[in-house]
Structure formats: structure tokens, C-alpha cells
Amino acid sequence: MEIKIQKILSDYGICSRRAGEELIQQGNVTVNGSIAMIGQRADPEKDIICVDGKTLSSKPEDTYILLNKPKGYVVTLNDEKGRRNVTDLLQELSVRVYPVGRLDINSEGLLILTNDGQFSNMLMHPSKEIEKEYYVWVRGKKLDKSIERLSLPMTIDNYRIKPAKVRVIEQDENGAQLSVIIHEGRNRQIRKMCENCGLYVTRLKRIREGSLTLGRLATGQWRYLSPKEVEKLRREAGIQSSK
């Protein structure tokens, strides 16, 4: 069956659909020897599809990884600056996976990686409103008022975000540790929210996404998600059971 090439790349664990479009635009994808075009369709069972000169092999088994991302690592498949990448922490993994969403280089914590394109796309879709919980360490003047403002509706990058759920875990004269729960997960959203409220973020760690929690997984370590964890996330994202 012919499907869009960027979806084939996603299904085969090469990259996300958006990244696949970028690869196609850059001329790095060919179909039967000809450079692929955006919107072009192909049949992975019949056509010869190559990425960077390498032919797609058989579709790999769906793989789901939970990583405790350390600070100082970027979350991207390709980084032009040569910085440390989260994929460097998965070198013993034989299957290529890509991140579900992102954490900026200075953030840490829970990161899901997979080669299941449908799972990734549905889990990230804003309409699913899957909760993402972060521990946020902040400093600032008039902490009480600033923290109170953090849970109010606000506009970030010309986008009206939904109110966050904010809970104070610890607080003293030097700062506070907060639990912040959001749904959208837009680019650097929590940092920008805090900036809007006069708060300076000293540390940011994602500890939960939907029903999946970081638990006691050590920094820089990863593990496979259990079938039960995957199925629960699939239900939360509105994906039909794979069984």
C-alpha cells in the first residue's frame, strides 16, 4: 500500500514525520533512485527507499524506552553544534528510536523514546491533553505573589496557554520547589511562564507524563517500558489497543 514517505520514515523509526519532511526537502531521501518530493507516496514493500544512501530494511519491532535525561544533553536526532545528545546514552540499543517531545538542554528528567510513529504523534498531540508534571526550583522577589500568578491564564509566544496546576513543595527565603502540571508542553513553556511571573528557574525536571512516572530510574539511565505501561499510555492518547 502506498503511503506518504514521511510516514514511512516515522513508521520505520528513522525520525518523526516533521523531521522526515526536512530530510526530504534536503534531498536526502530517494525512491527507486530518484530524489523524493514532499507529499510523494511509496510502497515500502515494493519500492526501494533510501535515506542518506542507506536502504530501509524491514520494519523494526516497536520499541518503547524511558530515559532519565541528564542536564547538558540535547534532545534531537541531529545537532549541528556537536553537543552531547540523548541518543549517546542509548548506544547499546540496537533499534533506532527518537524522542516523544523535547526537553531543553538545561532541563532533565522523564523522556520517552520510541520508533512507533503513531504512538509518538498521538502522545504529543495537544488535543489529548496528557498531563506533564515537572519539579521546578525557582528564585525571585515576592515569591508568594509570583507563584500565585503562575497558575493563572497567560499568553506565551502569542499563544494563550491553559492554566497550570501549581503546588508548593518547599519554600524558604532563598526560593521554592514547585510541582507544575501542564498539558501543552510548548517550547520552553514552563521557563517562559516563570519569566512572565518574575521567577528565575534554577532547575527543571520532568517527573511524569500521563500515567508514566520517572520513579527511581537513575540520571542518565534508561529502561524498556513494560507492555502494561505502553497499553496504558496508548489508552490515554486515544490509540486503539495493539492487541
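The values are calculated or read from the model by the stated rules, or taken from the named source; none is laboratory data. This one's a predicted model, so the numbers in the text were calculated from it and none came from an experiment. Heads up, the Cβs are rebuilt from the backbone with ideal geometry, glycines too, and the neighbour counts pull from every protein chain shown.
General observations
- Selected residue (only one of D157, D116 is in the same structural domain as G72 (by TED's automatic domain parsing) and of a type in the set (D, E)): D116
- Residue match in the stretch 161-182 (condition: within 17 Å of H125 (Cα to Cα), at pLDDT below 90 and of a type in the set (A, V, I, L, M, F, W, C)): yes
- Taking the listed residues T213, T219, T202, the one that is in contact with a Phe, Trp or Tyr (Cβ under 6 Å, 6 or more places away or on another chain) and of a type in the set (S, T, N, Q) is T202, with no other qualifying.
- Pick from the stretch 70-105, criterion more than 11 Å from the chain's Cα centre (by Cα) and not in a loop (DSSP other than H, G, I, E, B), ranking: surrounded by the most Cβ atoms within 10 Å (Cβ to Cβ): V86
- Scanning the stretch 128-160 for residues that are within 19 Å of P99 (Cα to Cα) and either at pLDDT below 95 or touching an Asp or Glu at 6+ places or on another chain (Cβ under 9 Å) (or both) yields K128, E129, I130, E131, K132, E133.
- Checking each residue in the stretch 25-61 for being among the charged types (D, E, K, R), modelled with pLDDT of 90 or more and surrounded by 12 or more Cβ atoms within 10 Å (Cβ to Cβ) picks out R41, D43, D47.
- Index of the failed condition, C50 passing every other in (1) of a type in the set (A, V, I, L, M, F, W, C); (2) within 25 Å of P227 (Cα to Cα); (3) in contact with a Ser or Thr (Cβ under 9 Å, 6 or more places away or on another chain): (2)
- Test: residue in the stretch 145-152 that is assigned to a strand (DSSP E or B), touching a residue at least 40 places away in the same chain (Cβ under 8 Å) and of a type in the set (D, E, K, R): no
- Taken together, R149, R160, R167, R186 contain a single residue that is of a type outside the set (S, T, N, Q) and either under 19 Å from K69 (Cα atoms) or touching a Phe, Trp or Tyr at 6+ places or on another chain (Cβ under 7 Å) (or both), which is R186.
- Members of the stretch 106-140 that are part of a loop (DSSP other than H, G, I, E, B) and under 22 Å from K205 (Cα atoms): N106, S107, H125, E129, I130, E131, G140
- Of the set (1) within 25 Å of the chain's Cα centre (by Cα); (2) hydroxyl-bearing (S, T, Y); (3) more than 27 Å from I105 (Cβ to Cβ), all apply to Y64 but (3).
- Scan of the stretch 185-221 for residues that are of a type in the set (A, V, I, L, M, F, W, C), surrounded by 20 or more Cβ atoms within 10 Å (Cβ to Cβ) and under 21 Å from N85 (Cα atoms), ordered by number: L204, L214
- Residue selected from the stretch 7-24 under the condition under 19 Å from D116 (Cβ atoms) and among the β-branched types (V, I, T), by the criterion surrounded by the fewest Cβ atoms within 10 Å (Cβ to Cβ): I14
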